[in-house]
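**Q** Sending over a structure as structure tokens; questions will come in a sec.
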Amino acid sequence: MPHSHLRRQPIDSLATKIILFVFVSTFATALVVSWISIQSTHAYLSGMINQQFPVTLVRARNAVQSWVAGSAGELERIADSGGQLDQAALAKALARSARFEAFFLLTPEGAVRSAVGRVGATPATELRLDAGAKHLGLQRIFTSADTSTTGYATRLASRKQSHGVLLGAFRPQGIHTLLSNLRNGLGESVLLVDGTGHVVHGGGATAQKIPLSQLNAAGDPSIQDYINDAGVHVLGRAIPLGLADWFVVVESPFDVAFAPVVSVIKRIFVIDLCIILLFSFLAYKVTTAIVKPIETLSDGARRIAQGQFDLEIPEPTTHDEIGLLTRTFNDMMRKLRRNQMEIEAKNVELLDRNDQLRQANEVLEQLSITDGLTKLHNHRFFQDHLTREIKRVQRVNKPLSMIIADIDDFKALNDRLGHAAGDELLRRIARLMNDSIRDSDLLARYGGEEFVVLASDTDLGGAEQLAEKIRMAIAECSFILDESLRPTRTTVSMGVAQYDGNRKRFFAAADRSLYRAKAAGKNCVVVDDGEPG
Ligand code: GH3
Ligand code: MG
Ligand code: MG
């Protein structure tokens with residue numbers, strides 16, 4: 001089963017870094033593009049407003065001026081009609097007029113003498129009735145407490161019958177329609193305001209008063225933005241009307257004028273969000289496609305490091321770098337596995353060989369210290385053992401004795417019964433002697449038909465007793481050595497000596513004693529008396 005669990009990504013993993021990088025770069029790009037788009041939309045709209053407002057203003061001024069001029073002409077004709085300008089004549093004229101909704105006959109001081117038309121309209125108390133001027137021009141007329149319209153006044157100075165002022169009040173709808181028609185679709189209103197900033201005709205405006213001082217600050221005719229007295233944030237611009245001290249103002253709510261920018265911002269935000277999410281998702285997909293095989297590989301590498309060679313990573317069908325890497329990895333793994341198996345097999349073989357060698361060594365070592373015929377320790381082992389025993393007895397201060405035994409007339413027995421019988425006798429005597437000694441004693445074949453016993457912790461007397469015991473055991477035994485089944489008897493001579501601190505003297509003393517035993521007629525034990533020769 002391939003190992004393909006998806007582990008939680010650590011924060012500093014390659015995948016997180018790539019996704020974060022894509023996210024940040026997409027976000028930054030979107031931010032820059034959005035900023036540029038918003039800026040250019042804003043610039044475009046500002047340009048349009050900057051271009052449009054003056055055009056609208058000039059058109060409005062011209063329209064108002066020509067409308068006023070037309071109205072003045074009409075009023076002039078009424079004034080110059082020749083007849084008595086009484087109530088009836090005014091009513092007749094009003095019925096024919098499309099521009100006026102009321103006529104007032106005023107005293108030269110401005111007091112209303114008579115009026116026809118719309119009831120409730122009253123001339124403003126502050127009518128501008130410049131002395132000496134025939135045309136008194138545009139006037140403000142209140143139609144109720146807080147609404148006003150415009151009128152035009154002309155002096156009837158030359159007429160005896162109606163000495164005073166003729167004031168005509170415009171139909172508000174007339175100017176209103178005029179101003180409304182000038183709008184350009186930027187949500188703007190075209191207003192007519194008097195010199196104090198009061199809105200006389202508002203083409204759809206809600207404001208009552210315009211901050212004229214701000215609009216004309218330092219004679220700057222550029223577009224201003226301000227909060228009007230209806231509490232609306234507006235963009236506005238004013239130019240003098242050229243009649244009285246009035247102004248034409250164009251005003252557009254900020255929200256309406258820049259609605260396209262807001263809509264662009266909204267759309268851009270949604271698009272940005274989609275782009276960022278899409279790219280982040282793609283980055284996640286791509287990263288997973290790259291990082292997952294790498295993770296699987298690194299997992300494999302980690303397992304190799306732990307000594308596991310039994311895994312095979314599923315190879316991708318693609319021929320890209322990852323595919324190549326995976327295939328190479330699996331090749332490497334297979335080779336490692338093969339090598340590992342070879343090494344293990346060789347190791348088993350080696351262990352086996354080692355075992356054999358160890359056994360052979362043990363046998364060899366045993367052989368090197370054993371006499372092949374009697375299976376007793378050999379001369380060489382005896383010498384080594386003696387060295388150890390000397391050291392030990394010196395340390396513990398105990399006696400150490402040696403018995404050398406030599407079979408009597410062995411040559412004759414050999415000659416009589418044959419070499420094989422001689423060998424058998426050697427084996428039987430070895431066994432007999434071995435049965436006579438203690439575990440702590442060492443019996444060895446010293447050479448030819450000679451044996452040696454190293455009796456530990458035994459003094460000369462003890463060794464003599466042991467020698468005597470051995471001698472008697474052999475002397476009393478009859479041996480059957482060949483097919484003739486004839487019992488044969490034999491004897492041994494023995495020399496006994498005790499270690500006195502000198503190894504050479506130790507041997508010499510034992511040897512000497514044996515020689516004496518032979519000289520004394522054999523089959524006897526001679527104990528070293530310390531006398532040389
Ligand atoms: P003595 O009583 O004085 O010891 O006389 P001996 O004949 O025993 O002594 P000698 O030293 O003259 O003879 C020893 C003989 O032991 C000579 C040799 O043929 C025989 N011999 C030595 N080693 C072996 C052996 O391994 N097997 C056999 N069968 N004979 C051996
Ligand atoms: Mg001998
Ligand atoms: Mg002998």
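**Q** Between beta-carbons, use under 12 Å as the cut-off and find the net charge around Leu273, counting Lys and Arg +1, Asp and Glu -1.
**A** Its environment carries a net charge of +1.
**Q** Moving on. Tally Lys/Arg at +1 and Asp/Glu at -1 over every other residue whose Cβ is under 13 Å from the Cβ of Gly307; what's the total?
**A** Here the charged neighbours net out to +1.
**Q** For Glu101, which sequence-distant residues (separation of 5 or more, or a different chain) have an amide H within less than 5 Å of its own amide H, given hydrogens modelled in the peptide plane?
**A** Ala169, Phe170, Arg171
**Q** Short version: ³J(HN,Hα) in whole Hz for each residue of segment 31-39, in order, from phi by Karplus 6.51 cos²θ - 1.76 cosθ + 1.60 (θ = phi - 60°), x for Gly and Pro, what are they?
**A** Running phi through 6.51 cos²θ - 1.76 cosθ + 1.60 with θ = phi - 60° gives 5, 5, 4, 4, 4, 5, 4, 5, 4 Hz.
**Q** Given a 1.4 Å probe and every protein chain left where it sits, what share in percent of the accessible area of the chain is carbon and sulfur?
**A** Ligands and nucleic acids excluded, carbon and sulfur reach 58 percent.
**Q** To the nearest 10 square angstrom, what accessible area does Glu464 show with a 1.4 Å probe?
**A** Only protein atoms counted, so the area is about 80 Å².
**Q** If Rh is defined by the Kirkwood formula over all Cα pairs and Rg also comes from Cα, what ratio Rg/Rh do you get for segment 389-490?
**A** Looking at segment 389-490, the ratio lands at 1.05.
**Q** Another one. Quick one: Debye curve from the C-alpha atoms of segment 312-357, no solvent, what's log10 I(q)/I(0) at q = 0.14, 0.15, 0.30, 0.32 Å⁻¹?
**A** -0.49, -0.52, -0.95, -1.00
**Q** Can you show me the helix-derived [θ] at 222 nm for the chain, built from DSSP H runs with n ≥ 4 at -39,500 (n - 2.57) apiece and divided by the number of residues, rounded to the nearest 500.
**A** Counting only the DSSP helices, I get -17500 deg cm²/dmol.
**Q** If you don't mind, another one. Return the subset of Lys469/Lys522; Lys398/Lys518; Lys391/Lys522 for which the Cα-Cα distance in this structure is over 26 Å, preserving the input order.
**A** Numbers: Lys469/Lys522 15 Å; Lys398/Lys518 30 Å; Lys391/Lys522 34 Å.
Table pairs above 26 Å Cα-Cα are Lys398/Lys518; Lys391/Lys522.
**Q** Using amide H atoms built in the peptide plane, which far-off residues or other-chain residues are under 5 Å from Asp408 H to H?
**A** Thr491, Val492, Ser493
**Q** Take Thr318, Thr287 and sort them by solvent-accessible surface of the protein heavy atoms, 1.4 Å probe, largest at the top.
**A** Accessible-area ranking of Thr318, Thr287, largest first: Thr318, Thr287.
**Q** Lysines within cross-link reach of Lys335: Cα-Cα under 28 Å, excluding same-chain residues under 8 positions apart?
**A** Lys292, Lys346
**Q** To the nearest 10 square angstrom, what accessible area does Val32 show with a 1.4 Å probe?
**A** Accessible area of Val32: about 90 Å².
**Q** If you don't mind, another one. Measuring from centroid to centroid over Cα atoms, what is the spacing of segment 484-506 and segment 10-27 in Å?
**A** Here the two parts' Cα centres lie 98 Å apart.
**Q** Also, I was wondering about something else. What accessible area per residue comes out for the chain, rounded to a whole number of Å², with a 1.4 Å probe?
**A** On the way: 29410 Å² over 533 residues.
Value for the chain: 55 Å² per residue.
**Q** Per q in 0.12 Å⁻¹, report the Debye log10 I(q)/I(0) for the chain, using one uniform scatterer on each alpha carbon and no solvent.
**A** The computed values of log10 I(q)/I(0) come out as -1.09.
**Q** Amide H neighbours of Ile210 under 5 Å, at least 5 residues apart or on other chains, H built in the peptide plane: list them.
**A** Correct list: His198, Val199.
**Q** Which aspartates and glutamates have a Cα less than 13 Å from the Cα of Lys411, not counting those fewer than 8 places away in the same chain?
**A** The reachable aspartates and glutamates, counting only those whose Cα sits under 13 Å from Lys411, are Asp423, Glu449, Glu450.
**Q** Still on this structure, I have one more. Hey, which aspartates and glutamates would be in cross-link range of Lys17, C-alpha to C-alpha under 16 Å, not counting anything within fewer than 8 residues on its own chain?
**A** Glu295
**Q** What shape does segment 333-414 take by its C-alpha gyration tensor, where a ≥ b ≥ c are the square roots of the eigenvalues and a/c under 1.5 counts as rounded, a/b above b/c as prolate, and the rest as oblate? If you can, show how the numbers build up before the last one.
**A** Values: a/c = 9.15, a/b = 2.28, b/c = 4.02.
Oblate, since a/c reaches 1.5 and b/c is not below a/b.
**Q** Ok, one more. Can you list the HN-Hα couplings for segment 366-372, worked out from phi with the Karplus curve (6.51, -1.76, 1.60; θ = phi - 60°), rounded to whole Hz and with x for Gly and Pro?
**A** The phi angles translate into 4, 4, 5, 10, 10, 7, x Hz.
**Q** In what sequence, highest mean first, do 35-42, 451-458, 516-523 appear when ranked by Cβ atoms within 10 angstrom?
**A** Descending packing order for the listed peptides: 451-458, 516-523, 35-42.
**Q** Whenever you get a sec, line up Ile294, Ile271 from highest to lowest accessible area (probe 1.4 Å, protein heavy atoms).
**A** Details: Ile294 70, Ile271 95 Å².
Most to least solvent-accessible, the answer reads Ile271, Ile294.
**Q** So how do Leu442, Leu357 rank on accessible area, 1.4 Å probe, biggest first, that is with the largest at the start?
**A** Putting Leu442, Leu357 in descending order of accessible area: Leu357, Leu442.
**Q** For segment 53-64, what does the Karplus curve 6.51 cos²θ - 1.76 cosθ + 1.60, with θ = phi - 60°, yield as ³J(HN,Hα) per residue in whole Hz, taken in order and with x for Gly and Pro?
**A** The phi angles translate into 4, x, 4, 4, 4, 5, 5, 5, 4, 4, 5, 5 Hz.
The values are calculated or read from the model by the stated rules, or taken from the named source; none is laboratory data. The structure presented is a predicted model; accordingly, all values stated were derived computationally and were not measured. Don't worry about glycine lacking a Cβ; one is built from the backbone with ideal geometry, like all the others, and counts go over all protein chains shown. Protein only, heavy atoms only, side chains kept; ligands, DNA and RNA dropped before computing areas. Shrake-Rupley method; radii C 1.70, N 1.55, O 1.52, S 1.80 Å.
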